[in-house]
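Only the coordinates and a few stated rules stand behind these numbers; no lab work does. Quick caveat: nothing in here was measured; it's all calculated off a predicted structure. Note: ideal-geometry Cβ built from the backbone for every residue, glycine included; neighbour counts use all protein chains shown.
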Amino acid sequence: MLLSKLVGERTKEAPQDAKILSHILLARAGYIKQVSGGIYTMTMPCQKMSGKIQNIIREEMDRLDGQEVLFPVVMPRELWETSGRYNSIGNEMVRFKDRTNHDMLLGMTHEEAAVHLVNHTVSTYTQLPLMIYQLQTKFRDEARSRGGLIRVREFTMKDAYSFHNTLEDMQDYYAKMYHAYYRIFNRIGLKRFIDIKSDSGMMGGSVAHEYMLLTPVGEDSIVFCNHCDYRANMEVAESVKEKVNFTGEPLQEVFTGDAKTIDDLCKLLNITAKQTAKAVVYAVKGDADKLVVAFVRGDLEVNEAKLKKAVQQDIAVYEGGTSDLITCGNIGLKGLNDKITVVVDNSLQGMRGMVVGANKPEYHLKGFDFDRDLSNQQFCDIAKVCAGDKCPVCGGELRIENGIEIGNIFQLGTKYTKAMNMTIHDINGNLFNPIMGCYGIGVGRAIASIAQESNDERGLVLPMTVAPWQAHICALRLDDENVATKTTQLYNTLCEGGVDTLLDDRNIGAGVKFADADLMGMPIRIVVSPKSLADDEIEITLRATKESYRVPFANALVEVKKIIAAEMEKLNNNADIMPVITPQD
RNA sequence: CGAGGUGUAGCGCAGCAUGGUAGCGCGUAUGGUUCGGGACCAUAAGGUCGCAAGUUCGAAUCUUGUCACCUCGACCA
């Protein structure tokens with residue numbers, strides 16, 4: 001490819017919209033162009049990179065006997081009604097009518113299509129297990145896209161679906177897929193990534209893992225133990241909270257005036273937040289009358305994902321403000337009406353001498369003893385983990401890092417096969433619902449992740465396996481006839497020799513060429529100039545290490561192929577190794 | 001959906017308080033001198049000032065509405 005013809009200009013300055021590094025670099029290097037919020041055009045280099053990542057994913061899926069298929073983007077309402085998701089999914093799924101006024105939708109995931117396919121083509125257990133996958137554009141009308149390619153509305157995704165006769169077989173396959181994901185992320189050159197147990201959420205099923213790239217710009221919080229290998233998404237993370245023992249005392253009302261916040265209370269009564277219980281009010285979605293009040297220790301926060309699980313209902317922070325409960329302000333544990341579900345966190349179990357709301361304006365209760373004053377109360381874990389808490393496994397100290405989700409795998413079980421009434425014959429001729437697993441990777445997010453992680457002050461530093469071009473020729477002084485001739489010769493030799501090559505054929509200053517080459521991030525830079533050609537040599541510089549040396553012009557192809565082979569081997573041969581993640585800073 | 005911010009040339013910005021018909025840098029085009037780390041000189045092209053309505057003799061500037069984008073939050077299959 002000739003750089004002079006390449007669409008997508010390089011800029012010194014980042015577009016106003018770009019705030020995070022991966023977005024800034026991809027935009028400045030001319031890889032992406034925003035069209036609308038969360039909607040981007042990928043230029044040739046980005047598309048080539050995407051293609052290389054997709055091919056690595058294909059290779060790994062094919063190693064697990066995956067069959068590549070292509071499901072439709074547009075599906076009819078009826079198919080999604082069979083799983084119940086036509087109604088359960090919100091506005092992020094685009095719905096529209098076709099010309100005959102038929103309800104249609106854009107597929108944001110393809111469990112229904114996968115079950116539809118297998119249900120209509122497989123009828124006996126002897127055909128299982130099998131896995132089908134696709135690489136396809138997905139559109140999700142995200143409420144808030146952000147961070148360039150990190151969170152977008154339209155993106156290419158690999159989604160895979162496996163079908164099994166038994167739970168054990170699915171679990172075995174899941175383990176293989178778990179491993180394949182490590183291979184994929186290692187091969188595309190990611191470094192600080194890790195798998196964590198996750199909340200299976202509305203996907204159903206019991207076991208799920210997310211793969212996270214650890215980076216401060218990530219939108220997920222990940223809890224790690226500094227001593228053992230415990231790690232989990234904040235949504236499901238558990239911890240042991242240090243208990244502070246306060247002296248028990250008789251229960252009594254205290255006048256607290258308009259002190260409503262934990263802070264106010266602490267100042268007024270001269271106590272710490274740990275000695276209070278705070279109430280957070282939630283409304284059950286779809287039933288405005290039903291309230292859930294969660295109590296946690298004053299210094300802690302409610303983990304809504306855990307709370308949802310505890311009450312088995314979908315909830316949202318209550319914003320009504322009209323109920324007596326709210327206007328009163330000082331919400332306590334005693335004297336709440338039956339419509340209210342009370343959930344109390346483990347952190348309050350056994351606590352004595354606490355201060356809680358009195359359910360009475362301007363008053364709180366002092367000396368609250370959870371064992372004595374709250375009979376028959378169930379306690380459960382609904383508090384967020386804090387850095388410094390104790391590990392639930394080994395008691396070591398926990399830390400929290402942010403991460404970008406780059407892939408996920410789910411053990412779906414029979415959620416979809418049951419809902420969609422998919423049955424096949426077992427060995428005894430009986431019908432059963434096959435067991436499913438599903439597995440996703442966002443390709444665009446992988447590109448953003450690589451950009452976020454692989455760069456220096458000059459620009460992108462792309463891994464050999466995914467770089468759009470392997471070599472980037474900077475021809476200096478193209479007005480020099482010898483340079484022009486030799487450059488063309490070199491470019492042809494490399495291309496014919498199977499090297500993916502970008503040629504900067506513009507007759508401009510060296511500084512601009514070097515700056516563009518550094519920004520675009522190809523692993524090998526080759527300089528052709530009068531200086532080195534005088535010795536019949538070219539100059540090779542490795543982007544990652546800045547290592548630079550000359551080789552005879554005639555050896556260029558051999559040398560470049562040697563570097564490529566070594567780099568490819570480095571990334572591919574270590575694909576099985578889990579990266580060792582050490583705390584950053 | 002809630003809070004805040006920004007919309008002026010391809011990109012980054014100034015101008016707006018106190019209204020008088022738009023400017024800078026980068027990039028682009030042409031010519032010349034340079035040219036191994038974002039060169040210099042000269043000339044030139046390029047703008048419905050997000051959109052709409054209003055106030056006014058006159059609006060990028062004031063008022064109202066609206067749209068888009070960004071950040072934080074809610075949400076995230």
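Residues in the stretch A:1-28 that are touching a Lys or Arg at 6+ places or on another chain (Cβ under 6 Å) and among the small types (Gly, Ala, Ser): A:Ser4, A:Ala14. Taken over the stretch A:435-464, the criterion of being among the small types (Gly, Ala, Ser), out of contact with any Phe, Trp or Tyr (no Cβ under 8 Å at 6 or more places or on another chain) and in a strand (DSSP E or B) is satisfied by A:Gly440, A:Gly459.
Against the definition (touching a helix residue (DSSP H, G or I) at 6+ places or on another chain (Cβ under 8 Å), of a type in the set (A, V, I, L, M) and within 7 Å of RNA strand B (Cβ to nearest atom)), how does A:Leu490 come out, yes or no? In short, no.
Report whether or not A:Glu9 is in contact with a helix residue (DSSP H, G or I) (Cβ under 9 Å, 6 or more places away or on another chain), within 7 Å of RNA strand B (Cβ to nearest atom) and not β-branched (Val, Ile, Thr).
Working: in contact with a helix residue (DSSP H, G or I) (Cβ under 9 Å, 6 or more places away or on another chain): no; within 7 Å of RNA strand B (Cβ to nearest atom): yes; not β-branched (Val, Ile, Thr): yes.
No: the conditions fail for A:Glu9.
Which is away from RNA strand B (no atom under 13 Å from the Cβ) and either touching a residue at least 40 places away in the same chain (Cβ under 8 Å) or part of a loop (DSSP other than H, G, I, E, B) (or both), of A:Asp195, A:Asp159, A:Asp169? Please lay out each step first, then the result.
Numbers: A:Asp195 fails: either touching a residue at least 40 places away in the same chain (Cβ under 8 Å) or part of a loop (DSSP other than H, G, I, E, B) (or both); A:Asp159 fails: away from RNA strand B (no atom under 13 Å from the Cβ).
Answer to the selection: A:Asp169.
The helices (runs of 4 or more DSSP H) found wholly in the stretch A:478-575 and carrying at least 3 residues that are closer than 29 Å to A:Thr43 by Cβ and over 34 Å from the mean Cα position of the chain (by Cα) occupy A:481-496, A:510-520, A:556-573. In the stretch A:514-536, the residues that are farther than 21 Å from A:Val499 by Cα reach residues that are near RNA strand B (Cβ under 6 Å from one of its atoms) with C-beta atoms within less than 7 angstrom, at least six apart or across chains, in these pairs: A:Pro530/A:Arg477; A:Ser532/A:Glu539. Scanning the stretch A:392-417 for residues that are closer than 21 Å to A:Lys309 by Cα and either among the aromatic types (Phe, Trp, Tyr) or out of contact with any helix residue (DSSP H, G or I) (no Cβ under 9 Å at 6 or more places or on another chain) (or both) gives A:Pro392, A:Phe410, A:Thr414, A:Tyr416.
Out of the stretch A:85-102, which residues are assigned to a loop (DSSP other than H, G, I, E, B) and either farther than 25 Å from A:Asp314 by Cα or more than 9 Å from RNA strand B (Cβ to nearest atom) (or both)? Show your work before the answer.
Let us first name the residues in the stretch A:85-102 that are assigned to a loop (DSSP other than H, G, I, E, B), namely A:89-94, A:98-102.
Result: A:Val94, A:Asp98, A:Arg99, A:Thr100, A:Asn101, A:His102.
Those residues that are over 26 Å from A:Leu460 (Cα atoms) and either surrounded by fewer than 18 Cβ atoms within 10 Å (Cβ to Cβ) or in contact with a Pro (Cβ under 6 Å, 6 or more places away or on another chain) (or both), I need them from the stretch A:532-550; list them, please. Break it down stepwise before answering.
At the first step, the residues of the stretch A:532-550 found to be over 26 Å from A:Leu460 (Cα atoms) are A:532-537.
Across the stretch A:532-550, the qualifying residues are A:Ala534, A:Asp535, A:Asp536, A:Glu537.
Each residue in the stretch A:12-48 was checked for being within 11 Å of RNA strand B (Cβ to nearest atom) and part of a strand (DSSP E or B), and 6 of them qualify.
When you scan the stretch A:49-58, how many residues do you find that are of a type in the set (A, V, I, L, M) and either surrounded by fewer than 16 Cβ atoms within 10 Å (Cβ to Cβ) or within 13 Å of RNA strand B (Cβ to nearest atom) (or both)? Give the derivation first.
As a first pass, look at the stretch A:49-58 and keep what is of a type in the set (A, V, I, L, M): A:49, A:53, A:56-57.
When the remaining residues are screened for being either surrounded by fewer than 16 Cβ atoms within 10 Å (Cβ to Cβ) or within 13 Å of RNA strand B (Cβ to nearest atom) (or both), the result is none.
Qualifying residue count, the stretch A:49-58: 0.
Of all the residues that make up the stretch A:525-548, how many are closer than 17 Å to A:Asn455 by Cβ and either touching a helix residue (DSSP H, G or I) at 6+ places or on another chain (Cβ under 8 Å) or near RNA strand B (Cβ under 10 Å from one of its atoms) (or both)?
Narrowing the stretch A:525-548 to residues closer than 17 Å to A:Asn455 by Cβ: A:525, A:541-546.
Subset that is either touching a helix residue (DSSP H, G or I) at 6+ places or on another chain (Cβ under 8 Å) or near RNA strand B (Cβ under 10 Å from one of its atoms) (or both): A:525, A:541-543, A:546.
Selection size over the stretch A:525-548: 5.
Within the set A:Asn408, A:Asn402, the sole residue that is surrounded by fewer than 17 Cβ atoms within 10 Å (Cβ to Cβ), of a type outside the set (Ser, Thr, Tyr) and touching a Gly at 6+ places or on another chain (Cβ under 6 Å) turns out to be A:Asn402. Scanning the stretch A:388-429 for residues being in a loop (DSSP other than H, G, I, E, B), in contact with a strand residue (DSSP E or B) (Cβ under 8 Å, 6 or more places away or on another chain), touching a residue at least 12 places away in the same chain (Cβ under 8 Å) and not hydrophobic (A, V, I, L, M, F, W, C) gives a total of 6.
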